[in-house]
Structures are given as C-alpha cells and as structure tokens.
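What follows is one structure encoded as structure tokens, with my remarks underneath.
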Amino acid sequence: MADETLPPEDSLFIINRTFNAPRDLVWQAYAKLEHLEKWWGPKGFEWLHGSLDFKPGGKFHYGMKAPTGMEMWGRFIYREIEAPKKLTFVVSFSDRDGGIAAPPFPGMEKYPREVLNILTFTEEDGKTKLHMRGGPINATPENVEFFKGMKTSMNQGFAGTFAQLDDYLVRMKD
C-alpha cells in the first residue's frame, strides 16, 4: 500500500507569503484557468497549454517552455477544496498526456514523483496570508532526503512565481 502521509516536519517545505489583495481575489487566481495561465510557473517560462477541472479529484494540467526551449509539463490532482480557505493537492511533473513523469531537469532523478501541498488562505486588513506546507508522499527515504536538499531552490522558485502573482493581482484589481 502506498504511503500518502507527509514526512516529518523537518522534511517539509514551508513558505508563507502575504499578498496585497483580498482573499477572494487570491483564491480566484488559483481557481480559474484564465488566471493561472497568467502567473503560474517559473519566471521567464512561456505558457504552452493548460486545462483545469477544479474540484476534488480534478486535475490542473499545464505545459510550459523554458527560455532554452525545453518543455516542462506538470499537474495538480486536487484532494480538498474549501473555498476560499484551504486547497490541498498532489503536484507532479507530468508528460503531455497528464501522466506522472520524471523531472525534465538533469540531476533531478531522485526528486519525489508526488508532493502533497496544503495551502491555507487567511485575510487580515484586506491582505491575504498564504501558508503552504508540502512534502513528498509515496516516496523513498532517498526521495525525501533529496527533497529536503531542494528547499533553498524551491524558495527561490516560489519567490519568482509569487512575484508574478503579486503583479497579476494588481491587474486583476484594476
């Protein structure tokens, strides 16, 4: 049987971010494809394709192209959606057809195939606080250790992605 529990707390990737926008607006940026395609993903990547079935058991599948021309595909499988407070999903690299795939980057062979992310959204004074916890599931101890070693890189990646969301939220409010 697969182990779908999160690893110990010290193995989790945790990030907090405050957005200068109301929670309902930030939630919509996560819940609708026409918004996700404007901000989701690594900075500098070109959006190729996206589909979204935003419901428990549904899937967000997307493709992007790096400035080098390399294609990257990913997917979320939604587990829990409690609008506009909580979002739980399993994220994986994928192939064009939406199946789980190895990361397309050299040296990432030990990266876990599935990462469970739990996002909570709270609002205070018209701003949204996002708290994200994530960790490998169905992973070997080697996958978990590799994931732990990627925290600095993941922080940098999410800083760029969330900067794109910050910029997009300004446009959504206009």
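At a glance:
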{"read-out": "Projected area, mean over directions - the chain, Cα convex hull, nm²", "value": "10.0"}
{"read-out": "Cα convex hull of region 1-84, projected area averaged across orientations, nm²", "value": "7.7"}
{"read-out": "Nearest-10 value in Å² for the accessible area of Thr140, using the 1.4 Å probe", "value": "70"}
{"read-out": "Förster radius 30 Å - calculated FRET efficiency between Phe105 and Lys32 (Cβ-Cβ, nearest 0.05)", "value": "0.55"}
{"read-out": "Proximal lysines to Lys173, defined as alpha-carbon separation beneath 19 angstrom and excluding residues fewer than eight positions away on the same chain", "value": "Lys32, Lys38, Lys127, Lys129"}
{"read-out": "Whole-angstrom gap from region 117-150 to region 18-50, using each part's C-alpha centre", "value": "17"}
{"read-out": "Computed label-point distance, nm, for sites Thr122 and Glu82 using a 7 Å Cα→Cβ extension", "value": "1.3"}
{"read-out": "Sum of -39500 (n - 2.57) over DSSP H runs of 4+, divided by residues of the chain (222 nm, nearest 500)", "value": "-8500 deg cm²/dmol"}
{"read-out": "For region 43-55, Karplus couplings with θ = phi - 60° (6.51, -1.76, 1.60), whole Hz, Gly/Pro x", "value": "4, x, 8, 9, 6, 9, 7, x, 9, 9, 10, 7, 7"}
{"read-out": "Accessible area per residue, Å², region 1-152 with all protein chains present, probe 1.4 Å", "value": "50"}
{"read-out": "Average silhouette area of region 76-174, convex hull of alpha-carbon atoms, in square nanometres", "value": "7.9"}
{"read-out": "Carbon and sulfur %, accessible surface of region 8-142 computed with the full protein complex present, 1.4 Å", "value": "50"}
{"read-out": "For Arg96, solvent-accessible area (1.4 Å; no DNA, RNA or ligand), Å²", "value": "150"}
{"read-out": "Area accessible to solvent at Asp53, 1.4 Å probe radius, in Å²", "value": "70"}
{"read-out": "Debye equation applied to the C-alpha atoms of region 6-52, log10 I(q)/I(0) at 0.16 Å⁻¹", "value": "-0.67"}
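The values are calculated or read from the model by the stated rules, or taken from the named source; none is laboratory data. Keep in mind that what you see is a predicted model, and the values were worked out from it rather than measured. A quick note on method: Cβ atoms are made from the backbone with ideal geometry, for glycine too, and the neighbour counts reach across all protein chains shown. When the accessible area is computed, the model is the full protein with side chains, heavy atoms only, and any ligands, DNA or RNA have been set aside. Shrake-Rupley method; radii C 1.70, N 1.55, O 1.52, S 1.80 Å.
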